[in-house]
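Undergrad: The following block contains the structure, expressed as structure tokens.
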Amino acid sequence: MELTCLHNKFKFPSLPHLSRPFFKNPNPRIFPRKINILFLASASDTVVASSIKELGSKKDDEFGDLKSWMHRNGLPRCKVVLNESTSHDEKHMPVHYVAASEDLRAGDVAFSVPNSLVVTLERVLGNETVAELLTTNKLSELACLALYLMYEKKQGKKSFWYPYIRELDRQRGRGQLAVESPLLWSEEELAYLTGSPTKAEVLERAEGIKREYNELDTVWFMAGSLFQQYPYDIPTEAFPFEIFKQAFVAVQSCVVHLQKVPLAQRFALVPLGPPLLAYRSNCKAMLSAVNGAVELVVDRACKAGEPIVVWCGPQPNSKLLINYGFVDDDNSYDRLVVEAALNTEDPQYQDKRLVVQRNGKLSVQVFHVYAGKEKEAVSDMLPYLRLGYVSDPSEMQSVLSSQGESLYGTSSARPAC
């Protein structure tokens with residue numbers, strides 16, 4: 001019998017880097033890291049980092065903040081404002097978040113963003129091209145959206161999306177705790193996850209992003225009409241991998257999964273949406289496509305000035321950490337994954353395999369242990385584990401004679417551990 005713990009519940013009270021931005025700081029108590037670059041291709045072919053001075057330049061006052069730009073371009077009156085959270089580092093712009101502009105009750109529409117202000121693959125590529133790209137299984141929706149915004153970034157202030165891209169630059173892919181995804185952590189920072197299955201997940205996801213980068217030129221050639229407006233090199237020549245990786249992670253942190261919409265509209269970038277909204281696993285509010293817009297109906301009362309929260313989906317904390325840079329202590333979807341396997345060298349392996357199949361299990365079985373439901377999980381696992389440790393042929397025959405009604409059968413065997 002082999003047991004493997006695949007996924008732990010994540011709480012990091014002892015890791016100071018989860019509550020601090022990762023930028024160089026003369027304070028030795030703060031772990032240093034390199035400044036990250038998001039969508040940072042300048043109007044020329046030179047790649048530069050967006051500085052605080054650049055993001056807060058008076059020359060940008062003509063655009064106003066993100067919400068003002070949206071109102072000028074069709075956003076109807078809404079019940080939210082953009083507030084700033086406290087910055088942990090004077091070199092780092094404070095993170096914006098969406099808060100209620102007035103007291104809200106459950107069922108109130110907080111905002112309704114018209115489709116003209118929403119970035120989807122339908123808007124970028126068109127339905128036919130999207131379907132063709134996605135059926136190749138070589139490029140994801142996130143990669144297409146990231147590539148589009150990277151080219152729009154090169155347009156500078158000429159781009160319609162300049163105010164939105166500037167906001168994404170300001171957020172720098174950070175989630176509601178002002179922390180980046182582990183996909184952007186240094187090797188030293190990833191060492192904090194040593195011993196956790198999440199580290200392997202991070203490395204695997206990073207490899208997947210690398211594979212998508214290598215396929216970027218496919219988009220260029222398959223959607224040539226899209227890129228005619230961009231007088232630049234093909235993607236892999238215009239953007240180094242690190243730039244694409246950071247853009248990909250930023251898009252990953254803010255993409256919205258819309259329901260009951262065509263394939264080309266399923267993944268959307270919604271100004272006023274994530275990462276400006278706070279995610280909660282115990283929330284029911286979702287961004288929804290309604291009558292040519294994406295709207296948010298709050299599921300709870302909210303005082304003026306309080307952050308607006310939305311549901312993050314049924315994701316364990318490891319996924320929340322990788323996708324959005326935070327963990328939720330009250331996450332009912334968090335789980336411990338335990339893999340158990342029958343020993344193929346066991347002389348009674350075939351009999352045991354037959355018994356587990358009768359009980360709807362596999363010779364290599366994965367069990368999910370959810371927070372607050374540990375007893376149910378243990379009750380599900382114990383019969384399987386006990387069967388694995390049965391060694392007496394007569395006991396095995398008793399189990400077989402039970403016709404698979406229970407993995408216990410008539411056995412009194414107990415795990416050796």
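Undergrad: Look at residue 116 and say whether it is assigned to a helix (DSSP H, G or I), modelled with pLDDT of 90 or more and within 21 Å of residue 273 (Cβ to Cβ).
TA: In short, yes.
Undergrad: Considering only residues of the stretch 217-264 that are among the acidic types (Asp, Glu) and surrounded by 13 or more Cβ atoms within 10 Å (Cβ to Cβ), which is modelled with the highest pLDDT?
TA: 242
Undergrad: Name the residue that is farthest from residue 402 (Cα to Cα), counting only residues in the stretch 360-376 that are surrounded by 14 or more Cβ atoms within 10 Å (Cβ to Cβ) and touching a residue at least 24 places away in the same chain (Cβ under 8 Å).
TA: 371
Undergrad: Within the stretch 339-355, identify whether any single residue is modelled with pLDDT under 90, surrounded by 18 or more Cβ atoms within 10 Å (Cβ to Cβ) and aliphatic (A, V, I, L, M), and answer yes or no.
TA: Checking the stretch 339-355: not a single residue is modelled with pLDDT under 90, surrounded by 18 or more Cβ atoms within 10 Å (Cβ to Cβ) and aliphatic (A, V, I, L, M).
Undergrad: Ok, one more. Enumerate the pairs (first residue in the stretch 187-201 and in contact (Cβ under 8 Å) with a residue 24 or more places away in the chain; second residue anywhere and charged (D, E, K, R) and not in a helix (DSSP H, G or I)) with beta-carbon separation below 9 Å, excluding pairs fewer than 6 apart on the same chain, so at least 6 apart or on different chains.
TA: Close Cβ pairs (under 9 Å, with a partner that is charged (D, E, K, R) and not in a helix (DSSP H, G or I)) amount to 188/33; 189/33.
Undergrad: List the helices (runs of 4 or more DSSP H) that sit entirely inside the stretch 153-216 and contain at least 1 residues that are surrounded by fewer than 16 Cβ atoms within 10 Å (Cβ to Cβ).
TA: Output list reads 187-190, 197-214.
Undergrad: Restricting to the stretch 314-335, count the residues that are farther than 13 Å from residue 282 by Cβ, of a type outside the set (D, E, K, R) and modelled with pLDDT under 85.
TA: Adding up the residues that qualify gives 3.
Undergrad: Scan the stretch 344-371 residue by residue and report those that are in a loop (DSSP other than H, G, I, E, B) and over 30 Å from residue 330 (Cβ atoms).
TA: 344, 345, 346, 347, 348, 359, 360, 361, 362, 363
Undergrad: Residues to consider are 314, 274; find the one that is within 23 Å of residue 182 (Cα to Cα) and out of contact with any strand residue (DSSP E or B) (no Cβ under 9 Å at 6 or more places or on another chain).
TA: Residue meeting the stated conditions: 314.
The values are calculated or read from the model by the stated rules, or taken from the named source; none is laboratory data. What you see is a predicted model, and the numbers here were worked out from it, not measured in a lab. All Cβ positions, even for glycine, are placed from backbone atoms using ideal geometry, and neighbour counts span all protein chains on display.
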